Amino acid sequence: MRMGKSMFAQLARASNMAVQSGTIVTNLRCVCSSSPSVNSEMIQCARCRFIQHSVCIGESRKLVPYECPRCLLARLDPLMFVDPTRENAVRAGPTLIPTFEASFASQPVGVQICILSFSAGGEFMDPRGKHRLHVRCIRLDGKSAEHCWPLMGQLILNGRVVETFQVPKDVHGHKRKDVPHFLKPDELRHGPNQLVVQRTRTLAGLSEPQRQALRVDEQGVYVVAVVDAESLTSEELIRKVAETCRPTVEESKRKFMQRVSRQYQAANSDEDCLCEEPALEVPFADPYLPGTMMQIPAYGNTCKHIQDFDLARFIRMNEHMRQWKCPHCSERAYELEVDTYLEQLFKEIKRAGIEPEKITIDKAGVLTVNGRYVANYKDGMFSLVNQEQRKLAFGPRRRQGGAHESYREPKAGTCQSPVPPPVLASAAAAFPAPRGGQG
Ligand SMILES: [Zn+2]
Ligand SMILES: [Zn+2]
Ligand SMILES: [Zn+2]
């Protein structure tokens, strides 16, 4: 990419990148398939680093960080895994289904189409094959990326209607649940195939509420793509995330503490009153199964809270629902990560034979279990120290030492006292902790 110095002055907008008009870009990959020479404002995808025309991506430019339509389309369903490095993994439409520039009032009727040409064969034609072709569609509304078909329209594969989309009868009732369309091997042809995505606009026979809903919903830019996805079973995905989306405990701690401080800031903007602030509660129970401790605590990479969910249960639940909504913030948790920091703490609690009732974290990051056990963290491992027994152990010394004793009450967060943790020390010796915390 050729970029002048003056151009960098324009790059300040969030993580997005504007490219001056007339700039020659070599990494342009836009849904419009236009030539690399551009005459409009450009924006760069934070994920794949390809560049798009701002005018082509609807409201997506509002996303922070900005992600291009292909990247959004690729990660819509973790159980239908799309490997972006695989050639032609996402065959996004040669054009967008064009925006409705005019309002429905002035242009009430019309059909807009998008044609996708692709070739099929090999494993796509095997009904038991792992790789499947399916059609995904998103609306570039600048909010969360979720699968969304046009309100009215059809999918026509090789001249045959394979799917019809209709306006829900009760527009104020439940939202229509849109799911990707699987291209079945018997619908496909060996060799070239053609998919027409048709969007229909007609106001005939629609009630006033439906018209209003249409005006709201049918604005916007849609992108359709034929996607080469690898179908995973929930057990395969659980294993994959548990093994590969597992930061080191140290890295996980850093991220956890970021979420903690964000939550403290949200709870109380007054930074000065450190002491009076109640400690945050760290939930350890599976949100889907209250009373049960999470086995593998995990969260979505867009989650900003400290609450986790159990990885296996979240994936198994979504095997049928395919919503991927975080139970705490309702954001789409398409990309999951194991909270190895809390996982390590939970392991230690179990190993110590403690029945957890309440886990808290104070502003300094000190974790306390049941108001009694302070969780000391060092080099990826936790050890639990019973504060009450420690106080008892110190008690007599203080009385004997009188006014000359320099002992001070141990403060939470500074538990570097040489006094060995009573009770739990023997448990630790009997069951040595796994090394490295990566198990
Ligand atoms: Zn474009
Ligand atoms: Zn991208
Ligand atoms: Zn969340």
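What follows draws every value from the coordinates through simple rules; no lab data is involved. Every value quoted in this text rests on a predicted model; they were computed, and no experiment measured them. Positions of Cβ are generated from backbone atoms using ideal geometry, with glycine treated the same way; all protein chains shown enter the neighbour counts.
Quick notes
- Selection within segment 357-379 - more than 24 Å from Thr292 (Cβ to Cβ) and in a loop (DSSP other than H, G, I, E, B): Asp362, Lys363, Ala364, Gly365, Val366, Asp379
- For segment 244-356, the helices (runs of 4 or more DSSP H) that sit wholly inside it and include 2 or more residues that are under 18 Å from the mean Cα position of the chain (by Cα) are 249-267, 311-321.
For every residue, the table says whether it meets (1) surrounded by 18 or more Cβ atoms within 10 Å (Cβ to Cβ); (2) assigned to a loop (DSSP other than H, G, I, E, B); (3) away from ligand 1 (no atom under 16 Å from the Cβ).
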{"residue": "Ala46", "(1), (2), (3)": "no, yes, yes"}
{"residue": "Gln52", "(1), (2), (3)": "yes, no, no"}
{"residue": "Arg61", "(1), (2), (3)": "yes, no, no"}
{"residue": "Pro65", "(1), (2), (3)": "no, yes, yes"}
{"residue": "Leu72", "(1), (2), (3)": "yes, no, no"}
{"residue": "Pro78", "(1), (2), (3)": "yes, yes, yes"}
{"residue": "Asp83", "(1), (2), (3)": "no, yes, yes"}
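- Looking across segment 296-313, the residues that are in contact with a His (Cβ under 8 Å, 6 or more places away or on another chain) and over 21 Å from Thr244 (Cβ atoms) come down to His305, Gln307.
- Subset tally (residues that are closer than 18 Å to Thr244 by Cα and in contact with an Asp or Glu (Cβ under 8 Å, 6 or more places away or on another chain)) for segment 314-338: 1
- One residue stands out among those in segment 48-85 that are without any contact (Cβ under 8 Å) to a residue 40 or more places away in the chain and not hydrophobic (A, V, I, L, M, F, W, C): the one that is nearest to ligand 3 (Cβ to nearest atom), which is Pro84.
- Number of residues in segment 117-130 that are touching a strand residue (DSSP E or B) at 6+ places or on another chain (Cβ under 8 Å) and at negative phi equals 7.
- Tally, over segment 275-325, of residues that are within 12 Å of ligand 3 (Cβ to nearest atom) and at positive phi: 1
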